[in-house]
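The values are calculated or read from the model by the stated rules, or taken from the named source; none is laboratory data. What you see is a predicted model; the values in this text were computed from it and never measured. Cβ placement follows ideal geometry from the backbone for every residue including glycine, while neighbour counts extend to all protein chains displayed.
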Amino acid sequence: MLLKSYMENKYRVEKKFFISQATKQEVENSIKLHPAVFSEIYYERFINNIYLDSFDLRDYFDNINGVSERRKVRIRWYGDLLGGVEYPVLEIKAKINGFGYKTSFPLNKFSVDKNFTIKTFKNVLVSSQLPQKLKSEFLSLEFSLLNRYKRKYFQSKDKAFRITVDSEMQFFSLLPNWNNFLDKRINQNNIVLELKCNSQQEQKAISFIANLLPHRTTKSSKYALGVEALNPW
């Protein structure tokens, strides 16, 4: 279920690039030389995500199979991976007939340590201010992945387009009852670039912007990359 009633009305258009043949500096230079005049905004920071899925990884398989209506559910926070998480956010990313949607709900704080379990997550979910139907559905989900990467942000001069550059990707397995965060895979050599806009009017323009980057668009999901890195079927 995609929970359409909880999705924000505005949608996002995204183009993704999985880059393995260029350094981070070369990727950033290609962005800064783009005719749309991208400049760096905000500051570089680490992003941490705990992904939640059904026991049979329904959302993962929907993603790799290109199902027209699919979702990803995650808890996101910034900064340190371990220790107290003051401002966690529950995010639902949905793809509906080619358009992307994302909505977010703040969660109560928790700590990521050896005592962090699926029971911890479910207690946080129950105690947070969330729609009851949302709680009921997500209480059935399980841990599927913990990932972490460093992100830089860029914006075009007209502020219509944004680019994020993700590097230093790490993927951790999560157990339901105890975790030491030692079972991990590191992906240092690859970069994920995402070009984004929120405006329906820019739907055609984003393809033009993407074509002026010296990288090829690809179907790329850091969630799928992590699941596959930790489960080499």
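Miscellaneous remarks
- Residue match in segment 171-192 (condition: buried (at least 18 other Cβ atoms within 10 Å of the Cβ) and either within 19 Å of LYS95 (Cβ to Cβ) or without any contact (Cβ under 8 Å) to a residue 12 or more places away in the chain (or both)): yes
- Considering LEU107, LEU130, LEU134, LEU146, the condition of being of a type in the set (A, V, I, L, M, F, W, C), under 19 Å from GLY226 (Cβ atoms) and in contact (Cβ under 8 Å) with a residue 24 or more places away in the chain is satisfied by LEU146 alone.
- Of the criteria (1) within 18 Å of the chain's Cα centre (by Cα); (2) closer than 25 Å to LYS15 by Cβ; (3) at pLDDT 95 or above, which one PHE38 fails: (1)
- When residues in segment 31-49 are screened for being more than 18 Å from ASP158 (Cα to Cα) and of a type in the set (Ser, Thr, Tyr), 1 of them pass.
- Taken over segment 58-85, the criterion of being over 23 Å from GLU168 (Cβ atoms), modelled with pLDDT of 95 or more and either surrounded by fewer than 17 Cβ atoms within 10 Å (Cβ to Cβ) or over 18 Å from the mean Cα position of the chain (by Cα) (or both) is satisfied by ARG58, PHE61.
- Test: residue in segment 20-33 that is in contact with a helix residue (DSSP H, G or I) (Cβ under 8 Å, 6 or more places away or on another chain) and either modelled with pLDDT of 95 or more or of a type in the set (Val, Ile, Thr) (or both): no
- Residue match in segment 148-157 (condition: in a strand (DSSP E or B), surrounded by 15 or more Cβ atoms within 10 Å (Cβ to Cβ) and of a type in the set (A, V, I, L, M, F, W, C)): yes
- Among the residues making up segment 40-57, a single one is more than 24 Å from SER144 (Cβ to Cβ) and surrounded by 15 or more Cβ atoms within 10 Å (Cβ to Cβ): GLU40.
- Total residues in segment 179-233, condition acidic (Asp, Glu), modelled with pLDDT of 85 or more and more than 22 Å from ASP56 (Cβ to Cβ): 1
- In segment 30-54, the residues that are more than 25 Å from ALA224 (Cβ to Cβ) reach residues that are of a type in the set (D, E, K, R) and assigned to a helix (DSSP H, G or I) with C-beta atoms within less than 9 angstrom, at least six apart or across chains, in these pairs: PHE38/LYS32; SER39/LYS32; GLU40/GLU28; GLU40/LYS32.
- Among the residues of segment 157-170, those that are in contact with a helix residue (DSSP H, G or I) (Cβ under 8 Å, 6 or more places away or on another chain) and at pLDDT 95 or above comprise ILE163, VAL165, ASP166, SER167, MET169.
- Residue in segment 111-129 that is of a type in the set (D, E, K, R), under 24 Å from ARG45 (Cα atoms), within 20 Å of the chain's Cα centre (by Cα) and surrounded by fewer than 17 Cβ atoms within 10 Å (Cβ to Cβ) present: no
- Meets criteria (within 25 Å of GLN155 (Cα to Cα) and under 18 Å from the mean Cα position of the chain (by Cα)) for GLY98: yes
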